[in-house]
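S.K.: This is the structure I have questions about; it appears just below.
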Amino acid sequence: MSARQPFHQVRIAEVVAETADAVSLVLAIPDEAAAEFAYRPGQFLTVRVPHPGGATVARCYSLSSAPGIDEHLKITVKRVPGGHASNWICDRAGPGTVLEILPPAGLFTPDSLGGDLLLLAGGSGITPVMSILKSALAEGRGRIQLLYANRDECSVIFGAELRDLEAWSAGRLHVEHWLDAAGGPPTAARLIPILAPFADREVFICGPEPYLAVARETLGQLGVPSRRVHVERFQSLLENPFEPEPAGPAPERVATAEVMLDGRTHRLPWPARTRLLDLLISAGLNPPFSCRQGICGACACRIVRGKVDLVHNEVLEDEDFAEGYTLACQALPASDTVTITYS
Ligand code: FES
């Protein structure tokens, strides 16, 4: 069996009712875990939630707080119809509840907060977008255009906070709401004139799949290159990263991994059916990771020499592969020697 991920027990300091079906959990991170819970705007936490019968489930929830601005980390959770974890949190989690949580992860975060941004959020997709928005307003000087789509007025999360930020921003932030109840769901034809003036900006999109699809279609028609479009999806984890994974069948071929991590180079025999992340953990190393499913990007590292095959990938784009990036949690050796760096 491979090791479980290093989670922390974190107490909920406060629960904020955002809408009738969304709450924010303000988290009291223990002092000894503060460094591990340093985060970038747009990242998420993986939370373990009890399940009937003693089992647990794991879910990823984006941080709506902004580092260096909000005193405490805060995740925002919206009920999913029939969704065990979100309903458990909305109904059962209260001040003092202790949750098991993995440190922040995710690649949905701007390289720089200095430039102009176009932010597109649908429903609870506002959560990581809010974190980016607050950070960019506080630390950058660029202009920010937010298009926020919801079913109706009652579904709008952070409505008052967005109004306050817009008023405070001295014209740098402009928020436009799209309500399906008023105008039907957004379509590319209708979004094109709204987004066209901002098509030269870096774009961050988060929301349900239909919203992502229409947003990407619109940006494609506006000629926005995919390298400028950053997308965060709502994902269900297929495996529980809090639980140990069963060992796989005996490997056939053995390659060599040369891994530069934490300032040292480690040379390890790499069985053909073992994923790089499992190899490093079983060797006693401490590589970064979170979802273990090719979804979050927390395990990203760079190939210096050699080749790997990825079992699954929902994070890296062609540009990332061109720069040598790969996902340790999904990488199997495809050449006799593979040199990898985490620097
Ligand atoms: Fe999430 Fe590898 S740990 S993609």
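S.K.: Could you tell me the ratio Rg/Rh of region 100-145? Both radii from Cα atoms, Rh via Kirkwood. Working shown, then result.
M.R.: Numbers: Rg = 11.7 Å, Rh = 11.6 Å.
Ratio of gyration radius to Kirkwood radius for region 100-145: 1.01.
S.K.: Using the basic label-point model (7 angstrom from Cα toward the beta carbon), what is the HIS266 to HIS84 distance in nanometres?
M.R.: With each label point 7 Å from Cα toward Cβ, the separation is 3.3 nm.
S.K.: As an exercise, use a Förster radius of 35 Å and the Cβ-Cβ distance of GLU100 and GLN221 to find the FRET efficiency, rounded to the nearest 0.05.
M.R.: Numbers: r = 44 Å, r/R0 = 1.26.
Computed FRET efficiency for GLU100 and GLN221 comes out at 0.20.
S.K.: If you don't mind, another one. Relative contact order, percent, of the chain when contacts are C-alpha pairs under 8 Å separated by at least 6 residues?
M.R.: On the way: 737 pairs, mean separation 53.8, N = 343.
Dividing the mean separation by the residue count of the chain yields 16 percent.
S.K.: About the Cα centre of the chain, how large is the charge dipole given +1 on each Lys and Arg Cβ and -1 on each Asp and Glu Cβ? Please answer in debye to the nearest 20.
M.R.: Working: 30 positive and 40 negative charges, 71 e Å.
Dipole magnitude for the chain comes out near 340 debye.
S.K.: Using C-alpha positions alone, give me the convex hull volume of region 176-222 per residue in cubic angstrom. Mind dumping the intermediate values first?
M.R.: On the way: hull volume 3.8 nm³, N = 47.
Enclosed volume per residue, from the Cα hull, is 81 Å³.
S.K.: Can you give the percent of C-alpha pairs in region 1-71 whose distance is more than 19 Å?
M.R.: Details: 1080 of 2485 pairs.
More than 19 Å apart: 43 percent of the Cα pairs in region 1-71.
S.K.: So if the hydrodynamic radius of the chain is defined as the Kirkwood radius over C-alpha pairs, what does Stokes-Einstein give as its diffusion coefficient at 25 °C and 0.890 mPa s, in µm² per second? Present the calculation step by step, with values, prior to reporting the outcome.
M.R.: Working: Rh = 21.3 Å.
D, rounded to a whole number, is 115 µm²/s.
S.K.: Which Rg and Dmax, in Å, describe the Cα atoms of region 1-128?
M.R.: Spelled out, the Cα radius of gyration and Dmax of region 1-128 are 14.8, 50 Å.
S.K.: Given N residues in region 94-235, what is its alpha carbon radius of gyration divided by 2.2 N^0.38 Å?
M.R.: Numbers: Rg = 15.2 Å, N = 142, 2.2 N^0.38 = 14.5 Å.
My calculation over the Cα atoms of region 94-235 gives 1.05.
S.K.: Averaged per residue, what accessible area in Å² does the chain show with a 1.4 Å probe, protein chains only?
M.R.: Working: 15720 Å² over 343 residues.
Solvent-accessible surface per residue comes out at 46 Å².
S.K.: Give, to the nearest whole percent, the P(r) tail of region 54-125 beyond 16 angstrom, counting all Cα pairs.
M.R.: Working: 1605 of 2556 pairs.
Of all Cα-Cα distances in region 54-125, 63 percent exceed 16 Å.
S.K.: Evaluate the distance, in nm, between pseudo-label points positioned 7 Å from the Cα of THR256 and of ASP200 along their respective Cα→Cβ axes.
M.R.: Taking the simple label geometry, THR256 and ASP200 are separated by 5.2 nm.
S.K.: Continuing with this model, one more query. Summarise the accessible area of region 154-219 (1.4 Å probe, protein heavy atoms) by the percent that is carbon and sulfur.
M.R.: Values: 1940 of 3160 Å².
After summing per-atom areas, the C and S share lands at 61 percent.
S.K.: Would you work out what percent of the accessible area of region 261-343, with all protein chains in place, is carbon or sulfur (probe 1.4 Å)? Mind dumping the intermediate values first?
M.R.: Numbers: 1750 of 3920 Å².
Of the solvent-accessible surface of region 261-343, carbon and sulfur hold 45 percent.
S.K.: On full extension of the chain, what length is gained from THR56 through HIS177, given 0.36 nm per residue of separation minus the C-alpha to C-alpha distance?
M.R.: Details: separation 121, 0.36 × 121 = 43.56 nm, distance 3.70 nm.
Result: 39.9 nm gained on full extension.
S.K.: Explain nothing, just the number: dipole magnitude of region 1-60 about its Cα centre with +1 on each Lys and Arg Cβ and -1 on each Asp and Glu Cβ, in debye rounded to the nearest 20. It would help to have the intermediate numbers written out before the result.
M.R.: Details: 5 positive and 6 negative charges, 56 e Å.
Result for region 1-60 is approximately 260 debye, rounded to the nearest 20.
S.K.: Please name whichever of ALA160, LEU212, VAL77 sits farthest to the positive end of the charge dipole of the chain, dipole taken about the Cα centre and charges placed at Cβ: Lys and Arg +1, Asp and Glu -1.
M.R.: LEU212
S.K.: Using only the alpha carbons of region 114-171, determine the length spanned along each of the three principal axes and report them from longest to shortest in whole angstroms.
M.R.: 32, 18, 15
S.K.: Shifting gears a bit: Could you order SER343, SER65 by accessible surface area, starting with the largest, using a probe radius of 1.4 Å?
M.R.: On the way: SER343 120, SER65 0 Å².
Final ranking, largest accessible area leading: SER343, SER65.
S.K.: With a 10 Å radius around each residue's Cβ, average the other Cβ atoms per peptide and rank 41-52, 265-276, highest first. Let's see the in-between values first.
M.R.: On the way: 41-52: 21.5, 265-276: 17.6.
Packing proxy ranking, top to bottom: 41-52, 265-276.
The values are calculated or read from the model by the stated rules, or taken from the named source; none is laboratory data. None of these values were measured; they are calculated from a predicted model. Glycine gets a Cβ as well: all are built from the backbone with ideal geometry, and neighbour counts include every protein chain shown. Calculation scope for accessible area: heavy atoms of the full protein, side chains included, ligands and nucleic acids excluded. Shrake-Rupley method; radii C 1.70, N 1.55, O 1.52, S 1.80 Å.
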